1. Return a whole-number percent for the relative contact order of the chain, with Cα pairs under 8 Å and 6 or more residues apart as the contact set.
2. Please express the Cα-Cα pair-distance distribution P(r) of the chain as a list of whole percents, one per 10 Å bin, running from 0 to the bin with the greatest distance.
3. What shape does the stretch 89-137 take by its C-alpha gyration tensor, where a ≥ b ≥ c are the square roots of the eigenvalues and a/c under 1.5 counts as rounded, a/b above b/c as prolate, and the rest as oblate?
4. Give the total of Lys-Lys pairs in the stretch 6-144 with Cα-Cα distances below 25 Å; include a pair only if its members are 8 or more places apart or on different chains.
5. Give me Phe90, Phe143, Phe70 sorted ascending by neighbouring Cβ count inside 10 Å, so fewest comes first.
6. Can you give the helix-only mean residue ellipticity at 222 nm for the chain, where every DSSP H stretch with n ≥ 4 adds -39500 (n - 2.57) and the sum goes over all residues, rounded to the nearest 500 deg cm²/dmol?
7. Mind giving me the FRET efficiency for Ile116 and Ser40? R0 is 35 Å, r the Cβ-Cβ distance, nearest 0.05 is fine.
8. Give the dimensionless ratio obtained when the Cα radius of gyration of the stretch 35-129 is divided by 2.2 N^0.38 Å.
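All of the numbers you see were taken from the coordinates with simple rules; none came from a lab. Everything numeric in this text was worked out from a predicted model, so none of it was measured. Here Cβ is always computed from backbone atoms with ideal geometry, including for glycine, and neighbour counts include all displayed protein chains.
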Amino acid sequence: MRHLPYFCRGEVVKGFGRGSKELGIPTANFSEQVVESFPSDISTGIYYGWACVGNGDVHKMVLSVGRNPFYKNIKKSVETHIIHAFKDDFYGEILSIVIIGYIRPEKNFSSLEALILAIQEDIEEAKRQLDLPEHLKLKEDNFFHLPEGKTCQCNDACSHRCRG
Ligand SMILES: Cc1cc2nc3c(=O)[nH]c(=O)nc-3n(C[C@H](O)[C@H](O)[C@H](O)COP(=O)(O)O)c2cc1C
Ligand SMILES: Nc1ncnc2c1ncn2[C@@H]1O[C@H](COP(=O)(O)OP(=O)(O)O)[C@@H](O)[C@H]1O
Ligand SMILES: [Mg+2]
């Protein structure tokens, strides 16, 4: 697997609308462009890291990469659940994330309740991991602090790989 951390940003688009309605756990889905440019050596599965909407605050997050075997999606998705209560939706905004660590592979479940429980456990694991000093320091990374109007401050040798 690619050496983590992996920095990534892109537009938030509509998914199937199941996250909030069926699971009570909204996920901000990345555009197809971001999903297609995602490195193949970041395997499908569940990850934790930090996330920021636009120029907002940086919050803990959990990330799902894959085809959601419980729902048998045809297309791969990359979805971020930000561990924070937002007042409004933020479709169309730029989401910036850093993926830090792997939690588990994607699984099928015998019930919706079992899937929800597994995601809640992922959230607890992410919260614990992200409190560790070596993970906390990535919250302060320059990647999350962009000058007004800019979407990336990196140069061509971008260590964040913003240019793919
Ligand atoms: C932390 C986390 C773990 C997840 N684990 C699984 C999983 O093991 N199996 C699965 O089918 N879907 C998993 N999902 C994906 C959900 O099924 C998906 O987010 C949900 O269907 C919402 O999709 P939508 O954005 O298209 O509405 C996970 C999502 C998150 C945020
Ligand atoms: N804490 C949060 N984490 C992720 N998305 C959130 C959060 N709070 C609100 N949202 C909004 O909810 C949307 C995701 O809800 P979801 O039901 O998964 O819909 P979709 O299937 O369109 O992705 C996000 O695109 C975002 O606008
Ligand atoms: Mg979603």
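1. 29
2. Answer for the chain: a P(r) of 10, 42, 38, 10, 1 percent.
3. Working: a/c = 2.35, a/b = 1.27, b/c = 1.86.
Judged from the Cα gyration tensor, the stretch 89-137 comes out oblate (a/c at least 1.5, b/c at or above a/b).
4. Step by step, the pairs that qualify in the stretch 6-144 add up to 27.
5. Details: Phe90 15, Phe143 24, Phe70 18.
Result, fewest neighbours first: Phe90, Phe70, Phe143.
6. Calculated mean residue ellipticity at 222 nm is -5000 deg cm²/dmol.
7. Values: r = 29 Å, r/R0 = 0.84.
Here the calculated transfer efficiency is 0.75.
8. Normalised by 2.2 N^0.38 Å, the Cα Rg of the stretch 35-129 equals 1.08.
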